[in-house]
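Encoded as structure tokens, the structure appears first; notes follow it.
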Amino acid sequence: MGRIRKKLLLLMLLVSFSLIFTNQAVFAASTLSVSVSTNLISMSLLPGQFATASQTISVTTTDATGYKVKLATTGASSALVDQSDSSKTIPTFTLPSESTSIPVSSLGNGYGYSVDNGANFYPVPEPFTSPIVLFDVDSAGSNDHTLTFGVKAPIHAAAGTYSNTFNIMVIPNLDVCPENSICYYGNGDDGTGTMSNQAASSNSSITLVPSN
């Protein structure tokens, strides 16, 4: 890491990640594995500069329904906070009116994330809101996803180490089967079939009706 010397104003942005793997699938024979290229993203920059750093999220699944990669903040706010003075922050980007993303050419001061290798950026949601979907895959296979963070520090920003922590969740698309139930998986059908309920007593044996 660099040091602050004389009049050189150096911002050290540290964004740390913790990976949560949430496996909701209950059907046998489906697997899902996750790895990330780094759990810590850091970059140093001068005020007024724009910088980016990325990580790769690698996901492999045998589940034909695929998975979603989600992100949520865990800090007190979505802002990057100076670790020595919590009153100093760098806010997340603000979306322009009626826009769904922020092209790099339109970025103001702040920070955000990108899922298209830095072409467009999005604001980081506030904590305690629903996790945002970063990537949505609807088939089995192995995929590498690039998550990029970008920051442009205001000219007046004080030097320091600014950080926030995020949870990255990889969740199978396959619905959870309710407790004490048996669920039929449609293998990609249109989901229009109907099934009648079957009841069984505890410790008894029944023959399941064919799936419809």
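Just the number, please: carbon plus sulfur as a percent of the accessible area of the range 109-176, 1.4 Å probe, no ligands or DNA/RNA counted. For the range 109-176, the apolar C and S fraction of the accessible surface comes to 49 percent. Here the Karplus curve 6.51 cos²θ - 1.76 cosθ + 1.60, taken at θ = phi - 60°, turns the phi angles of the range 122-131 into couplings of 10, x, 7, x, 5, x, 6, 9, 4, x Hz, with x standing for Gly and Pro. Heavy-atom accessible area, probed at 1.4 angstrom with all protein chains present, ranks I132, I168 as I132, I168, highest first. In this view, the solvent-accessible surface of C177, computed with a 1.4 Å probe and all protein chains in place, comes to about 20 Å².
Heavy-atom accessible area, probed at 1.4 angstrom with all protein chains present, ranks M195, M43 as M195, M43, highest first. A 1.4 Å probe over all protein chains sorts I41, I206, I182 by accessible area into I182, I206, I41, starting with the largest. Packing order of peptides 44-53, 57-66, highest average first: 57-66, 44-53 (average count of other Cβ atoms within 10 Å over each peptide's residues).
The values are calculated or read from the model by the stated rules, or taken from the named source; none is laboratory data. Just so we're clear, the structure is a prediction, and the values are computed from it rather than from any experiment. Note that each Cβ is placed from the backbone with ideal geometry, even for glycine, and that neighbours are counted across all protein chains shown. The protein model used for the area step is the full one, side chains on, heavy atoms only, and it has no ligands, DNA or RNA in it. Shrake-Rupley method; radii C 1.70, N 1.55, O 1.52, S 1.80 Å.
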